[in-house]
Amino acid sequence: MTVVGPFGLSVRDQALETDVQAGLAAVEAGLLEATKSEVPFITEAAQHLVRAGGKRFRPLLVMLASRFGDPYAPGIVPSAVVVELTHLATLYHDDVMDEADVRRGVESSNARWGNAVAVLTGDFLFARASHILADLGPEAVRVQAEAFERLVTGQILETAGPRDGRDPVEHYLDVIAGKTGSLIAVSGRFGAMMSGADEAVVDILTQYGERLGTAFQLADDVLDIASDSHESGKTPGTDLREGIPTLPVLRLREMAAQGGDPDDLELVRLLDGDLTDDARHAEVLARLRVHPALEQARKDTVRYAEEARATLAPLPDCFAKSALVELCDAVVHRAG
């Protein structure tokens, strides 16, 4: 049993482990190649987050999904590079929107070079992803375009907030299905599609990625509250400070509205105050870490991970399927 990829995923087959490691190494080389520019400063900025590392969760999913067809098909590694470049581009933009100082354990690009450079570097990565995508055929371009539209729509919906009368939790789950689920769904889809897997298998792995992506983001929400920067690679409570209504906060508001507990109402009042104040931010973070709302958010994470696992049932038993099942467990473990 060998550990590879994010979360210490265990691979129980030597051939699969070798191929996955080789595929991820090829993706890493592809990322470095795709982020090179004739302008040295652009190369430095574009490779800033590439060299900072990361889980490479999306490329790993591409590699595992490809095992249900021809895992050596020529489009697999480039498609994995596309989804990771797209993901990295969104991180540059997210850090500007969130005014984040730390990303993947290093200084964020906007903190280092300013917002304008961070935004334009994200745009540069989108352009490079599109260039690679063009060689993968019109169907790949269409799939990526639809996912990118969903991703941007999710970001806009998050910024706009729920319309009057809409349940905030339902609205938020729609937001993260677009922001996070869409690109992870494409990872499963590209891996299966590029390998020539049956259309039914492609659909299963797309649905799996969608549900796993939602669980993945919910786990991040829990980590934003529960972890320190060493564990998460970013400043704890970043979403909290920026007033982004992640699931633990939404569950708290729900509990306060339904139960009217004075302590819950007081915590909501603190949340609605100025969380750029370090002392107030620290107090809210400490109280949320021991609040039942955080445990409810963990349960929501488990539910989506279990839905992802159930989606895999029709697939033939194999080591790749076992690894996909273990990814569900690994996502839940992050929120544990």
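For the stretch 89-218, rounded, prolate or oblate, judged on the Cα gyration tensor with a ≥ b ≥ c (square roots of eigenvalues), a/c < 1.5 rounded, else prolate if a/b > b/c? It is oblate, given that a/c is not under 1.5 and a/b is not larger than b/c. Summing charges over all other residues whose Cβ lies under 12 Å from the Cβ of THR301, with Lys and Arg as +1 and Asp and Glu as -1, gives -1.
Normalising the average separation of contacting C-alpha pairs (under 8 angstrom, six or more residues apart) by the number of residues puts the relative contact order of the chain at 19 percent.
Whole-Hz Karplus values for the stretch 110-117 come out as 5, 5, 7, 10, x, 5, 4, 5 Hz, taken residue by residue from phi with 6.51 cos²θ - 1.76 cosθ + 1.60 and θ = phi - 60°; glycine and proline positions read x.
Pairs of lysines in the chain whose Cα atoms sit within less than 26 Å of one another amount to 11, provided the residues are eight or more positions apart or on different chains. Within the accessible area of the chain, what % is carbon and sulfur when the probe is 1.4 Å and the other protein chains stay in place? The value for the chain is 54 percent carbon and sulfur by accessible area. Working note: Debye formula, equal point scatterers on the alpha-carbon atoms of the stretch 158-294, no solvent; log10 I(q)/I(0) at q = 0.21 Å⁻¹ is -1.23. Each Lys or Arg adds one and each Asp or Glu takes one away; over the other residues whose Cβ falls under 14 Å from the Cβ of GLN207, this sums to -2.
Note on the chain: helix-only mean residue ellipticity at 222 nm, from DSSP H runs of 4+ residues weighted -39500 (n - 2.57) and normalised by residue number, equals -23000 deg cm²/dmol.
Separation of the stretch 47-77 and the stretch 126-191 by C-alpha centroid, Å? That distance is 18 Å. Along its three principal directions, the equivalent ellipsoid of the chain from the Cα gyration tensor extends over semi-axes of 33, 24, 18 Å, largest first. Solvent exposure of the chain amounts to 43 Å² per residue of accessible area, where only protein heavy atoms count and the probe is 1.4 Å.
Taking a temperature of 4 °C and a viscosity of 1.567 mPa s, what whole-number D in µm²/s does Stokes-Einstein yield for the stretch 179-232 with Rh from Kirkwood over alpha carbon pairs? In µm²/s, the coefficient rounds to 108.
The stretch between VAL141 and GLU28, if pulled fully straight at 0.36 nm per residue, gains 38.5 nm over its current Cα-Cα span.
The values are calculated or read from the model by the stated rules, or taken from the named source; none is laboratory data. Owing to the predicted nature of the structure, the values given are computational and were not obtained by experimental measurement. Note that each Cβ is placed from the backbone with ideal geometry, even for glycine, and that neighbours are counted across all protein chains shown. The accessibility values were calculated without ligands, DNA or RNA, using every heavy atom of the protein model including side chains. Shrake-Rupley method; radii C 1.70, N 1.55, O 1.52, S 1.80 Å.
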